Amino acid sequence: MIRQVITKTDIPRPASAVSNYLIDLYGHTLKQAKLQKLLYLCHGWNLAIYDKPLIREPFIAKEFGPFLECIHFEYYLLGNGLITHPILCYDDNGTFKYVLDQSDKCIPLIERVIDIYGEFTYPELFSVVYDDLAYQKIKKDQSDGILIPNSLIKESFIHKIKNSKLILGE
């Protein structure tokens, strides 16, 4: 398979490209539930630090935390099994894309998120994400399946910066 890369750095990336990068980092030892949580954490920190969304698709508030439907649909048949393949995706021009370019400025942030949260078990990640202020606000005010606005995610992660010693840095 020919691997092409996402190279633009100032636009939100397809969830599939960020997912594929994480899957490559984990060497196909990742389950969908953990992937969903890591994607949310990467997206939230990117919003708080760079004031830009990392992922273009919206996060949805579901019973077990923030959720990207496109990722769920891709790996639905795996259930709770290990992810065994990358997501095949295309950009708006119909060009096949697979992973992020190593020069993409979001890579250091993604890798820092993995340094901090990557060894967390699923229950530990669930706790971090489930207690997120943006997720809790949506879950309190609405039923399952409601979009979590990026503005609310950003506000939540800025709150994390102000109220903890956990700084991701650039």
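The values are calculated or read from the model by the stated rules, or taken from the named source; none is laboratory data. Note that this is a predicted model, so its numbers are computed, not measured. Heads up, the Cβs are rebuilt from the backbone with ideal geometry, glycines too, and the neighbour counts pull from every protein chain shown.
Cβ contacts < 8 Å: first residue at negative phi, restricted to segment 127-140; second residue of a type in the set (D, E), any location; separation 6+ or different chain. Result? Pairs found: L133/E155; A134/E155.
Residues in segment 35-58 that are touching a strand residue (DSSP E or B) at 6+ places or on another chain (Cβ under 7 Å), of a type outside the set (S, T, Y) and within 19 Å of Y117 (Cα to Cα): Q36, K37, L39, H43, L54, I55.
Residues in segment 42-86 that are under 10 Å from the mean Cα position of the chain (by Cα), among the β-branched types (V, I, T) and in a loop (DSSP other than H, G, I, E, B): 0 in all. How about segment 128-143: which of its residues are of a type outside the set (A, V, I, L, M), under 16 Å from the mean Cα position of the chain (by Cα) and outside any loop (DSSP other than H, G, I, E, B)? Residues satisfying the conditions are Y130, Y135. Residues that are assigned to a loop (DSSP other than H, G, I, E, B) and in contact (Cβ under 8 Å) with a residue 40 or more places away in the chain were ranked within segment 17-37; the one that is nearest to F59 (Cα to Cα) is L30.
Out of curiosity, is T84 within 21 Å of S19 (Cβ to Cβ) and modelled with pLDDT under 75? No: the conditions fail for T84. Of all the residues in segment 114-126, those that are modelled with pLDDT of 90 or more, in a helix (DSSP H, G or I) and over 18 Å from I60 (Cβ atoms) number 6.
Scanning segment 87-111 for residues that are part of a loop (DSSP other than H, G, I, E, B) and at pLDDT 80 or above yields I87, D104, K105, C106. For segment 129-146, state whether one or more residues are exposed (fewer than 12 other Cβ atoms within 10 Å of the Cβ) and modelled with pLDDT of 85 or more. No - not one qualifying residue is present in segment 129-146.
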